[in-house]
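Novice: Pasting a structure here, questions to come.
The values are calculated or read from the model by the stated rules, or taken from the named source; none is laboratory data. Source: prediction; values computed, not measured. FYI the Cβ positions are ideal-geometry reconstructions off the backbone, even for glycines, and counts take in every protein chain you see.
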Amino acid sequence: MSVEVHLQNVVKLFGAVSAVDDVTLEIKKGELFFLLGPSGCGKTTCLRMIAGFYRPDSGKLYFDDRLINDVPPHKRNTGMVFQNYALWPHMTVYENVEYGLNVRKLPKEVKKEKVKRALEIVQMTQYADRTANQLSGGQQQRIALARALVIEPDVLLLDEPLSNLDAKLRLEMRQEIKRIHAESNITAIYVTHDQKEALSLADRLAVMNNGKIVQVGAPREVYNFPASRFVADFIGETNFIKGTFRAKSNQSVVVESVIGNIHSIYSPFEVEGGRGYHQISEGDALICSIRPESINILNSPRIDKENQFHGKVLNLTYLGNVEEYQLLIEEKMEAKAVLHNPSSAERHPGEAVIVHFEPKDVVLLPLNET
């Protein structure tokens, strides 16, 4: 049975340092929720408070309507998957998964059925009699998941569970975690600094920085409508162009910049659904955020397109499915562009091009936010 998890004005201090600084967060029942941010941002400390390993210095933690600040870890019914798996190397796979049930003193037949089901969920039934040290990294991670799931926790907690795997295994395990979560329908809170993991798996995510939540939303919302320069820069890659808000008319915004006037139809106070992050007025300094994949490279100008600028290819890297360009725009500033499914025609450093991006892909952010 999954639960909702609520953090209300939670603070955790380590000496004079606020590791978690006045965090308020609501995680829905059955949600795969990510805490995302750079090292030292407070995400793991949040997870450990939810698990009961740390106690908040102030604020309240709830599972549904149950206050759990003073509830010890073993009475919270949470399952934890650690970064280093934390399996018993001398035990078999079956014994590792069974361990949490032994602590709960369940009948033998009940334990047998629960272990069988947990191993089926992670597709490791055939490895039940092997010892943990006979398994690959990906297999060990599956067993760590099974051990956490077998106790039927109210909340599943995952602390950077894929960071020790190689790139190919990480991709495979992402899909496995998504499948396992969908099958178990459990509330899961996943800590990572890997943006691609969060974007590909999360129902919703919270971006943290310096102990604070700086944005919460669905992956597409956070990527396409970042709430600050920090979020835009941390979630994926982007190009920043400083400018001044000059005019707004008919849902179009004009920004004066070093490369010329930039047009945007993204107004930060008219986000879809009425959400507004900022109040920017004419004459205010701001930053335009433009993702590399939003930049087009044309051979000649198009009369029907706004946001066209003269550019020059500084460097390019062909990667098969994509081609990455370093460009110089209007002899003023450098920018990165990523072209998907590039043509067989090869461009060269020094080549003159037209750089274009659509107004809808220009995100406006206040200059004074980090």
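Novice: Are any of the residues in segment 172-181 touching a residue at least 24 places away in the same chain (Cβ under 8 Å), farther than 15 Å from E95 by Cα, surrounded by fewer than 18 Cβ atoms within 10 Å (Cβ to Cβ) and touching a strand residue (DSSP E or B) at 6+ places or on another chain (Cβ under 8 Å)?
Specialist: Yes, the conditions are met somewhere in segment 172-181.
Novice: So in segment 126-159, with the set limited to residues that are among the acidic types (D, E) and either farther than 18 Å from L201 by Cα or at pLDDT below 90 (or both), which one is surrounded by the most Cβ atoms within 10 Å (Cβ to Cβ)?
Specialist: Checking each candidate, the answer is D154.
Novice: How many residues, within segment 282-324, are in a loop (DSSP other than H, G, I, E, B) and among the polar types (S, T, N, Q)?
Specialist: 4
Novice: State whether the residues of segment 33-44 include one that is in a loop (DSSP other than H, G, I, E, B), among the aromatic types (F, W, Y) and touching a residue at least 12 places away in the same chain (Cβ under 8 Å). Steps first, please.
Specialist: We begin by selecting, within segment 33-44, every residue in a loop (DSSP other than H, G, I, E, B); these are 37-42.
Imposing the further condition that a residue be among the aromatic types (F, W, Y) reduces the set to none.
Within segment 33-44, not a single residue is in a loop (DSSP other than H, G, I, E, B), among the aromatic types (F, W, Y) and touching a residue at least 12 places away in the same chain (Cβ under 8 Å).
Novice: Take the conditions β-branched (V, I, T), within 24 Å of V11 (Cα to Cα) and modelled with pLDDT of 90 or more and apply them to V71. Does it pass?
Specialist: Criteria met by V71.
Novice: Determine which member of the set M80, M1 is in a loop (DSSP other than H, G, I, E, B), within 28 Å of L201 (Cα to Cα) and modelled with pLDDT under 95.
Specialist: Result of the check over M80, M1: M1.
Novice: Okay, next question. What pairs can you find where one residue is in segment 331-344 and part of a loop (DSSP other than H, G, I, E, B), the other is not hydrophobic (A, V, I, L, M, F, W, C), and their Cβ atoms are less than 6 Å apart, with a gap of 6+ or different chains?
Specialist: Within 6 Å, the pairs are P342/E323.
Novice: If you take just the helices (runs of 4 or more DSSP H) that sit entirely in segment 103-212, which of them hold at least 1 residues that are in contact with a Gly (Cβ under 8 Å, 6 or more places away or on another chain)? I'd like the intermediate steps shown before the answer.
Specialist: Working: elements: 108-121, 137-149, 167-184, 195-201.
The helices (runs of 4 or more DSSP H) meeting that bar are 137-149, 167-184, 195-201.
Novice: Another question about this same structure. Consider segment 230-250. How many of its residues are surrounded by fewer than 19 Cβ atoms within 10 Å (Cβ to Cβ) and not in a strand (DSSP E or B)?
Specialist: Of the residues in segment 230-250, 4 are surrounded by fewer than 19 Cβ atoms within 10 Å (Cβ to Cβ) and not in a strand (DSSP E or B).
Novice: Residues C41, C46: which one is surrounded by 15 or more Cβ atoms within 10 Å (Cβ to Cβ), more than 23 Å from S184 (Cβ to Cβ) and hydrophobic (A, V, I, L, M, F, W, C)?
Specialist: C41
Novice: Ok, one more. With the structure loaded, tell me whether R104 is within 25 Å of E172 (Cα to Cα) and charged (D, E, K, R) or whether it fails that test.
Specialist: Criteria not met by R104.
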